[in-house]
Each structure stands twice: as structure tokens, then as C-alpha cells.
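Undergrad: This structure is in C-alpha cells; I'll ask about it shortly.
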Amino acid sequence: MHKNFALYVLAAAAALSSTAALARVNVDIGIGVPVAPVYVEPAPVYAPAPVYAPPPPPAYYAPPPVYVAPQPVIVAPGYYDDGRGREWQERQWREQRWREREWRRHHRRDYDD
């Protein structure tokens, strides 16, 4: 009796276990039988011709042109400089004078002997 009971419990556990690991193929065949009589309206004999309409005009417009007066140009006599050009000129002038002095010193020594 205990052997049968254990066998029943094992069978119930196997039946209630997950069947996700089982791979099988199901094939179903269905025959559609209407329950009540169905009336289908027949299709019209002719179909109306399609109508093609042009697309509607765009819904946006170009903004109006904007006119702005140019700023006046002021020309005043004089020399405008930010100082950088003048500094460069002065540095070049000093270097040139230094070279001339050094040249004279060098050549004076040669001629003095």
C-alpha cells in the first residue's frame, strides 16, 4: 500500500511540475461554421474614378524686408596708432644705431693700429 501511495505522489508531482522544458509541436485544424445566418452586401459593379486634387498652398509667407540705415562714417584728420607700430619702429631704429656704433668701433680698432 505504501508503495502505491508513493507511486501516486510521484506521479502527481510529475504531472504538476513545469512543462517549460518539454519541446513539442501542436497542429490544430479548425473549421469555421457560422452560428447564425450572415448577409454580405455585394460589391458595387463599378468603382468611382479617383479624384486627384492639387496640394493646398503653403501656410507660411516670407517676412517683409527690413531696411536699416547705415551708420555714418566719420573721417577726422590725424594719425591714429595704437602704439605697437611705434614701439616696433623705435626698437628697429635702436638696433640699427647699435649696429652702426658696433661697426664703427670694430673698424676703428682695425685702422688705429
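Undergrad: Which of the residues spanning segment 18-43 are at pLDDT 70 or above and small (Gly, Ala, Ser)?
TA: Narrowing segment 18-43 to residues at pLDDT 70 or above: 24-33, 35-43.
GLY30, GLY32, ALA36, ALA43 - these are the residues of segment 18-43 that are at pLDDT 70 or above and small (Gly, Ala, Ser).
Undergrad: Looking only at segment 64-88, which residues are at pLDDT 85 or above and not small (Gly, Ala, Ser)?
TA: The answer is PRO64, PRO65, VAL66, TYR67, VAL68, PRO70, GLN71, PRO72, VAL73.
The values are calculated or read from the model by the stated rules, or taken from the named source; none is laboratory data. Keep in mind the model is a prediction, meaning the values are calculated, not measured.
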